[in-house]
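The values are calculated or read from the model by the stated rules, or taken from the named source; none is laboratory data. Keep in mind it's a predicted model, so treat the numbers as computed, not measured. Cβ atoms come from the backbone with ideal geometry, glycine included; neighbour counts cover every protein chain shown. Side chains are part of the model used for accessible areas, which takes the heavy atoms of the whole protein and leaves out ligands, DNA and RNA. Shrake-Rupley method; radii C 1.70, N 1.55, O 1.52, S 1.80 Å.
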Amino acid sequence: WHMPSTAVAFADPARRRQGRRIHDPARYEPPLAVLVGLADRAAGVGIKVSPAIDRIEIDSLGAEVEFISDGGDLKECVLWFGELRTAASRGTLLPSRHTLTGPEADGQSASPILEYLYEPDPAVMRAGLVRRLAELSGALQIDPGLALLTSASLRDTPFATAYRVLDVMPFSEKALRGELRRRGVGQVTLKKRGSAVDTEALGRRLRLTGSGSATVLLTRVLRRPLAILVEPLASGQHPPSV
């Protein structure tokens, strides 16, 4: 394609063929490599790609990588080149339009689980900005390999779902069933982060009959399987801290 050097372009390549999603960017129409070539001939280029794209495919391109979620569901990824590139990485939340940029902060050692727990938005996680969020909000990672943060006091941020920690226990199905029955729980929401447990099957096996409800996060911290009983908290009404 012939383009003036002052031009700005946005490309949305076809990522379906015969009704099936195309995951290999070399099979996009046009292929990703062809579209990246535009960046050398234009002032700025944006390229829409699959949000499930392998980061290895794009991290060496020199683009700003923006992941976009809508209502907590990861929806899009866009590569920004040239004058449209404003950061190394970006996570953007819709419909609020909050956006977090990086580079990622340095790593930190694992923190004990404190009074509050935070599950970052998937756009923040895919953008590789979990430690950046921790740095800006004053929270800590509970494990360097997990996208879970904790703090002793509540941090109001739009970039993560906040929970009050009610109990932390080593995970075993028997122990979890006993604790939930002791609390009179009949309906449980099982979430997981870094755990191999089949939460749907576990939920059926627990056979709970109480009148209460509970949320349990199954995870693995420093290779130790844990069950964390949490209370989801509504987002605060004050301006976000980051």
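Taking Cα atoms of segment 115-156, Rg/Rh with Kirkwood Rh, to two decimals?
Looking at segment 115-156, the ratio lands at 0.92.
How big is the C-alpha Rg of segment 25-163 next to the rule-of-thumb value 2.2 N^0.38 Å, as a ratio? Please report the intermediate quantities before stating the final value.
Values: Rg = 16.2 Å, N = 139, 2.2 N^0.38 = 14.3 Å.
With N residues counted in segment 25-163, Rg over 2.2 N^0.38 Å equals 1.13.
If I model segment 1-84 as equal point scatterers sitting on the Cα atoms and use the Debye formula, what is log10 I(q)/I(0) at q = 0.26 Å⁻¹?
-1.34
I need two numbers for segment 104-217: Rg to one decimal and Dmax as a whole number, Cα atoms only, in Å.
Reported Rg and Dmax, both Å: 15.3, 46.
What number comes out for accessible area per residue over the chain if the probe is 1.4 Å? Units Å², please.
53
Mind listing the phi-derived Karplus ³J(HN,Hα) values for segment 138-146, rounded to whole Hz, using 6.51, -1.76 and 1.60 with θ = phi - 60°, and x for any glycine or proline?
Going residue by residue, I get x, 9, 10, 7, 7, 7, x, x, 10 Hz, with x marking Gly and Pro.
Between Leu233 and Gln108, what is the spin-label point distance in nm, taking each point 7 Å from the Cα along the Cα→C-beta axis?
1.6
Give me the lysines in straight-line cross-link reach of Lys191: C-alpha distance below 19 Å, same-chain residues under 8 apart excluded.
Excluding near neighbours in sequence, the set is Lys174.
Using a simple spin-label model with points 7 Å from Cα along the Cα→Cβ vector, what separation in nm is obtained for Arg223 and Arg205?
2.3
With the crude spin-label approximation of a point 7 Å out along Cα→Cβ, what separation in nm comes out for Ala152 versus Thr6?
Output for this residue pair reads 5.8 nm.
Multiply the residue gap between Ser60 and Glu115 by 0.36 nm, knock off their C-alpha separation, and tell me the result in nm, one decimal place.
Between Ser60 and Glu115, full extension yields an extra 15.9 nm.
Determine the relative contact order of the chain: mean sequence separation of Cα pairs under 8 Å and six or more apart, normalised by residue count, in whole percent.
With pairs under 8 Å counted, the relative contact order is 13 percent.
Explain nothing, just compute: Karplus ³J(HN,Hα) = 6.51 cos²θ - 1.76 cosθ + 1.60, θ = phi - 60°, for every residue of segment 111-117 in order, whole Hz, x for Gly and Pro.
Values per residue, Gly and Pro as x: 9, x, 6, 9, 5, 10, 10 Hz.
How many percent of the accessible area of segment 23-176 is carbon or sulfur, using a 1.4 Å probe?
52
Candidates [x] 37, 22, 16; [y] 40, 21, 15; [z] 26, 20, 19; which is the computed semi-axes √(5λ) of the Cα gyration tensor in Å?
[y]
From the alpha carbon gyration tensor of segment 72-130, can you work out the equivalent ellipsoid semi-axes (sqrt of 5 times each eigenvalue) and give them in Å, largest to smallest?
Calculated on Cα positions only, the semi-axes equal 25, 16, 8 Å.
Note the full-extension length gain between Ser213 and Arg21 as 0.36 nm times their separation in residues minus their Cα-Cα distance, in nm to one decimal.
65.3 nm
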